[in-house]
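This report concerns only the one structure given below.
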Amino acid sequence: RFKYMLHLVAYDSREPKRLRQVAKACEDYGVRVEYSVFECDLSEELFAELWARLLQVIDADEDAILAYRICGACVQRIKSAGSVRRPGKVLLYMV
């Protein structure tokens, strides 16, 4: 299901503007699975690009970002319950 390495990115910010900027950066690289949690299927190069972008946005004294690498074998063992939807990212819209 995932082409590269799954990175789970979670964040929190005390300032709404930075919160939106972090969310926008994550939206450019992955899909939202919870309010402040994104699944990002990225090569190491693209993840490094995302991480650098996030570090430019946050205030290290007030904000927090966590990124977990999840290997293919572990992805297969992810458990979920309830009304969880694992979205796929839309790559192309046709009108």
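For the reader, a short list of remarks on this structure follows.
- Among E15, E39, E27, the largest mean-square fluctuation in a Gaussian network model of the chain, built with springs joining Cα atoms closer than 10 Å, belongs to E15.
- For the chain, the share of DSSP beta bridges that are antiparallel, to the nearest 5, is 100%.
- Surface exposure of region 1-88, expressed per residue as accessible area with a 1.4 Å probe, stands at 68 Å².
- Once C-alpha pairs closer than 8 Å and six or more residues apart are averaged by separation and normalised to the residue number of region 1-81, the relative contact order reads 46 percent.
- Of the residues S80, M5, F38, the one whose Cα sits farthest toward the positive end of the charge dipole of the chain, with +1 on the Cβ of Lys and Arg and -1 on the Cβ of Asp and Glu, is S80.
- Tally of Lys pairs whose C-alpha atoms are under 23 Å apart, taken over the chain, 8 or more apart or cross-chain: 5
- Annotation: extensible slack from C71 through A52 equals 4.7 nm (criterion: 0.36 nm per residue apart, minus Cα-Cα distance).
- Convex hull per residue volume in Å³, alpha carbons only, for the chain: 132 Å³
- Ordering of 75-81, 5-11 by burial proxy (mean other Cβ atoms within 10 Å per residue, highest first): 5-11, 75-81
- Accessible surface of the chain, 1.4 Å probe, proportion on carbon and sulfur as whole %: 54 percent
- For D12, the accessible surface of its heavy atoms amounts to roughly 100 Å² (probe 1.4 Å, protein chains only, rounded to the nearest 10).
The values are calculated or read from the model by the stated rules, or taken from the named source; none is laboratory data. Since the model is a prediction, treat every value here as computed from it, not as a measurement. As a convention, Cβ positions derive from the backbone with ideal geometry for all residues, glycine included, and neighbour counts pool all protein chains shown. Note: accessible area is taken over every heavy atom of the protein model, side chains too, but ligands, DNA and RNA are not part of it. Shrake-Rupley method; radii C 1.70, N 1.55, O 1.52, S 1.80 Å.
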